[in-house]
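**Q** The structure under discussion is supplied below as structure tokens; questions concerning it will follow.
Derivation of every value follows stated rules applied to the coordinates shown; laboratory data play no part. Keep in mind that this is a model prediction, so the values were computed, not measured. Reconstructed Cβ throughout: ideal geometry from the backbone, glycine too, with neighbour counts over all protein chains shown.
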Amino acid sequence: MKGCKYGTHRVINENVLPQPAIKVNNDMDIYDNEILIDVSALNIDSASFTQIEEECSHDIEKIKSKIIEIVKEKGKMQNPVTGSGGMLIGSIEKIGNDLLDKTDLKVGDKIATLVSLSLTPLRIDEIIDIKPDIDRVEIKGKAILFESGIYAKLPEDIEENLALAALDVAGAPAQTQKLVKEGDSVLILGAAGKSGMLCCYEAKKKAGKKGRVMGLVRGEKQAQFLIENKLVDVAIVADAQNPNEVLQKVLRANKGCEIDLCINCVNVSNTEMTSILPVKDDGIVYFFSMATAFTKAALGAEGVGKDINMVIGNGYTKGHADVTINALRESETLRNIFKKLYI
Ligand code: NAP
């Protein structure tokens with residue numbers, strides 16, 4: 001039997017797509033145009049993991065139970081508070097008959113899914129381990145990839161966990177590569193985070209010597225780290241939830257001028273105005289953060305009379321997996337940092 005290529009046949013009692021659905025059917029008997037994955041690890045979206053950690057008072061057993069409860073209730077790992085998911089790695093267990101001659105995958109291939117866990121039918125049989133520092137949950141379980149679902153075969157020259165960590169935020173560096181132009185002044189909020197560092201790297205490459213890439217972090221240590229590793233031209237220490245402080249510090253760092261582009265990679269709410277205020281008219285704010293509120297951004301920009309372009313951080317852009325893996329191949333510095341932090 002063939003299902004809808006977007007997976008609507010798995011939505012229970014609603015006329016919506018699987019992502020906004022309250023519950024999806026996570027029965028692991030696949031349709032002819034689905035792929036069954038034997039899952040080894042979930043990379044929970046940072047905003048989601050942070051919320052669950054806080055709700056569970058950082059208690060690992062409580063976090064485990066919460067994740068099991070969410071998947072049981074929703075048939076997918078979609079945080080009911082943040083709405084976000086994450087991604088997974090696993091190996092191909094079965095390919096539906098209809099896809100056999102359409103896909104380049106074969107049984108046994110290791111892949112990372114590049115569609116969100118917030119729409120992926122998932123069954124967890126056992127949680128083996130949780131690594132809270134890197135938002136990773138090692139499991140025994142199964143998942144379904146729909147016909148329209150995108151994925152990346154795990155590269156052989158990069159460690160599996162490293163690829164997983166980087167591919168989780170692949171949209172950000174790839175969009176950065178598209179948005180930054182030579183000579184641009186760019187501010188990255190959350191610059192020492194996972195997506196932040198990849199964005200710094202791509203922004204510096206594109207902005208070049210005439211550009212200025214400014215990374216905003218919370219502490220001196222992170223600022224020093226960014227400078228030492230040449231990931232930014234200027235490091236700014238400030239609280240991304242304090243728009244006025246950030247505005248003053250950014251203007252000071254950019255010779256009194258407003259900037260061309262702000263990339264928001266933080267994992268906390270209430271940073272919309274911090275992103276908007278320093279940007280000049282016709283400039284761009286790229287909201288990669290999942291904690292962004294559309295109303296706060298739209299009404300906030302209007303409220304301060306800013307004619308700027310605001311881009312929603314689509315997790316997908318063509319070639320995003322290649323851009324991200326290539327950044328790790330090209331830059332030994334970045335690769336070593338990622339190895340240290342995310343393996
Ligand atoms: P991450 O590694 O946790 O990085 C977040 C960074 O934000 C950290 O360096 C953190 O600093 C910093 N930060 C938090 N609060 C701050 C504050 N008040 N002032 C300054 N810095 C602050 O997260 P990530 O994996 O890069 O993800 C970043 C965001 O992207 C998350 O919201 C995530 O949900 C979202 N995301 C979006 C997509 C998409 O498709 N659009 C896909 C994946 C992830 P500390 O270490 O000091 O806390």
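**Q** Could you tell me the center-to-center distance, by alpha carbons, between the range 305-333 and the range 1-37 in angstrom?
**A** 29
**Q** Turning to a different aspect of this structure: Evaluate the Kirkwood expression for the hydrodynamic radius of the range 58-128, namely the inverse of the mean inverse distance over all pairs of different C-alpha atoms, and round to one decimal in Å. It would help to have the intermediate numbers written out before the result.
**A** Working: mean 1/r = 0.0724 Å⁻¹.
Hydrodynamic radius (Kirkwood, Cα pairs) of the range 58-128 is 13.8 Å.
**Q** Follow-up question, since we're still on this one. Let's test the formula: R0 of 41 Å, r as the Cβ-Cβ distance of Lys181 and Glu61. What FRET efficiency results, to the nearest 0.05? Kindly include the intermediate steps, with their values, before the conclusion.
**A** Details: r = 49 Å, r/R0 = 1.20.
The value I calculate is 0.25.
**Q** Hey, rough spin-label estimate for Cys4 and Asn97, points 7 angstrom out along Cα→Cβ, what's it come to in nanometres?
**A** Here the modelled spin labels are 2.4 nm apart.
**Q** Using Cα centres only, tell me the gap between the range 126-196 and the range 220-299 in whole Å.
**A** 21
**Q** Could you check the spin-label model distance between Gln241 and Asp281? Points 7 Å from the Cα along Cα→Cβ, value in nm.
**A** Spacing of the two 7 Å Cα→Cβ label points: 3.4 nm.
**Q** Measuring from a point 7 Å past the Cα of Glu54 along Cα-to-C-beta, which residues in the range 136-150 have an amide N at less than 20 Å?
**A** So the set is 136.
**Q** On to the next question. What is the distance, in nm, between label points placed 7 Å from the Cα along the Cα-to-Cβ direction at Lys340 and at Lys210?
**A** 3.4
**Q** Also: Pick out which of Pro121, Pro243, Pro155 has the largest mean-square fluctuation in a Gaussian network model of the chain, springs linking Cα atoms closer than 10 Å.
**A** Fluctuation is largest for Pro155.
**Q** Identify all lysines with a Cα-Cα distance to Lys280 below 25 Å; exclude those on the same chain that are fewer than 8 residues away in sequence.
**A** Within reach: Lys178, Lys181, Lys204, Lys205, Lys206, Lys209, Lys210, Lys249, Lys255, Lys296, Lys306.
**Q** Find the all-direction average of the projected area of the Cα convex hull for the chain, expressing the result in square nanometres with one decimal place. List each step's numbers first, then the result.
**A** On the way: hull surface 68.6 nm².
The number I arrive at for the chain is 17.1 nm².
**Q** What Kirkwood radius, in Å to one decimal, follows from the Cα pairs of the range 8-154?
**A** Values: mean 1/r = 0.0657 Å⁻¹.
It works out to 15.2 Å.
**Q** Could you name the lysines whose alpha carbon sits less than 22 Å from that of Lys2, not counting residues in the same chain fewer than 8 places away?
**A** The reachable lysines, counting only those whose Cα sits under 22 Å from Lys2, are Lys23, Lys76, Lys94, Lys102, Lys106, Lys142.
**Q** Check cross-link reach from Lys64 to the aspartates and glutamates: straight Cα distance under 16 Å, and skip same-chain residues fewer than eight apart.
**A** Asp45, Glu53, Glu54, Glu55, Glu73, Asp125, Glu126, Asp129, Asp133, Asp135, Glu138
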